[in-house]
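Remarks on the structure that follows.
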Amino acid sequence: MKFRYSLLAVTFFCLLSCGQEEVPVKDNPTPVIPVIPQGPVAGEAEGGPGTRGWTTEVVSQGMLLHKFDGNDIVTCKRQSVRVLDIDMNLGRYRVEFTLPSASGKTGTDMAREKGAVASVNASYETGSVYIKINGKEYYNIANDKIGSTNVANWKNDGAIYMTEGGRVYLEYSGKNKTLAQQRTYYRSHTCANIFSSAPMLIDNYEQVGEFYVPTNLTDAQISSYNYEHPYNHQGVTHPRTVYATTEDNHLLLIAIDKDRQKGTVAGMNAKDATKFLKYHFNPQYALNMDGGGSTAISVNGKLVNTPSESTGERAVASYLLIHDNAKK
């Protein structure tokens, strides 16, 4: 990854555009080891690891945990973001698409149960999405509407795929397709593992997530839509989970936190998340996954972000697990 280490310029711009007010954020108890990222994460990024607000821990060879805490130059708000950066070129890491083995199982539970080194929440509620694991179809976009609302199902914009050979990639699969066409497309797809989700944030470097919600809508207009309407759902700030991939085959698992109790961490909407990722990582592809209270990443059996649920990590409908073949 080619980062521009112009810290003075970035700091000056941030102070001008975002102000100097610092809101206290709860300290992360995990020791932080500031290091320069090892290995590339394709493309040119203007910010990112090595610049103001970022620290990086080496989890293992080819796996880095980037942490951002501070006033973000892109959103001009206090943010807390965790990015698990996995170099898939090494052949060391294996991705597993999985459903919970029992009710109430969290991602951390599933990682421990299956001997994985990391976990992250995945798709939305099962009635709204497509899920196939190891060639078996579990869910096929059963509902035309979201939950009990009259909002048309919009949650299959794109998907994360894994072939039988273990290659992981993102695709803007639902683009310009009706819901029926999306069902047919996913069902006929040859990949053995598929989790669909929405919205697509970055498609081959195009920042489509910036315009997912019409830019001429006011905050009041956005809030007037049903909570499950895509304009409301993606137009207001939430905790967010995002998957991203780089041109040189790094998988980025991203948790964007929001402090819903004290308001000390802002969270992001789809536009914010798109711009943040573009500025700090410049991935080739990025897909928004289920978020809110579901957003949680664990590494080596411990959460590395702070879920917005007051009760901690939420048990959800699907997970992505990362296995380290060197630990077999």
Quickly run through region 104-133 and pick out the residues that are touching a Ser or Thr at 6+ places or on another chain (Cβ under 8 Å), in contact (Cβ under 8 Å) with a residue 24 or more places away in the chain and not in a loop (DSSP other than H, G, I, E, B). GLY107, THR108, MET110, ALA111, LYS114, ALA118, SER119, VAL120, ASN121, TYR130, ILE131, ILE133
Mind listing whichever residues of region 259-271 are under 26 Å from SER196 (Cβ atoms), buried (at least 23 other Cβ atoms within 10 Å of the Cβ) and either out of contact with any helix residue (DSSP H, G or I) (no Cβ under 7 Å at 6 or more places or on another chain) or charged (D, E, K, R) (or both)? GLY267
Hits in region 100-131 (condition: of a type in the set (A, V, I, L, M) and either surrounded by fewer than 17 Cβ atoms within 10 Å (Cβ to Cβ) or modelled with pLDDT under 95 (or both)): ALA102
Among all residue pairs at least 6 apart or on different chains, which show Cβ distances below 8 Å where the first residue, located in region 258-282, is at pLDDT below 95 and the second is charged (D, E, K, R)? THR264/LYS26; THR264/ARG78
Out of (1) in contact with a strand residue (DSSP E or B) (Cβ under 8 Å, 6 or more places away or on another chain); (2) under 14 Å from SER318 (Cα atoms); (3) touching a residue at least 24 places away in the same chain (Cβ under 8 Å), the odd one out for TYR169 is which? (2)
On the basis of being acidic (Asp, Glu) and crowded, with 18+ Cβ neighbours inside 10 Å, does ASP248 make the cut? no
Any residue that is among the charged types (D, E, K, R), surrounded by fewer than 18 Cβ atoms within 10 Å (Cβ to Cβ) and farther than 23 Å from GLN284 by Cα - is there at least one of those in region 208-231? yes
Restricting attention to region 190-214, the residues that are part of a loop (DSSP other than H, G, I, E, B), of a type outside the set (A, V, I, L, M, F, W, C) and touching a residue at least 40 places away in the same chain (Cβ under 8 Å) number exactly 5
Name the residue, out of THR311, THR295, that is crowded, with 24+ Cβ neighbours inside 10 Å and β-branched (Val, Ile, Thr). THR295
Being closer than 25 Å to ILE322 by Cα, in contact with a helix residue (DSSP H, G or I) (Cβ under 6 Å, 6 or more places away or on another chain) and surrounded by 17 or more Cβ atoms within 10 Å (Cβ to Cβ), is that true of even one residue in region 155-171? yes
Quick test for you: out of THR190, THR218, THR237, THR178, pick the one residue that is among the β-branched types (Val, Ile, Thr), under 15 Å from the mean Cα position of the chain (by Cα) and either on the phi < 0 side of the Ramachandran plot or modelled with pLDDT under 95 (or both). THR237
Within region 135-158, can you find the residues that are touching a Gly at 6+ places or on another chain (Cβ under 8 Å) and either farther than 20 Å from GLU228 by Cα or of a type outside the set (S, T, N, Q) (or both)? TYR139, ALA142, GLY147, ASP157, GLY158
In region 234-256, what residues are touching a residue at least 40 places away in the same chain (Cβ under 8 Å), touching a helix residue (DSSP H, G or I) at 6+ places or on another chain (Cβ under 9 Å) and not in a strand (DSSP E or B)? GLN234, PRO239, ASP248, ASN249
Determine if region 137-145 includes at least one residue that is crowded, with 22+ Cβ neighbours inside 10 Å and either basic (Lys, Arg) or not in a strand (DSSP E or B) (or both). yes
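The values are calculated or read from the model by the stated rules, or taken from the named source; none is laboratory data. None of these values were measured; they are calculated from a predicted model. FYI the Cβ positions are ideal-geometry reconstructions off the backbone, even for glycines, and counts take in every protein chain you see.
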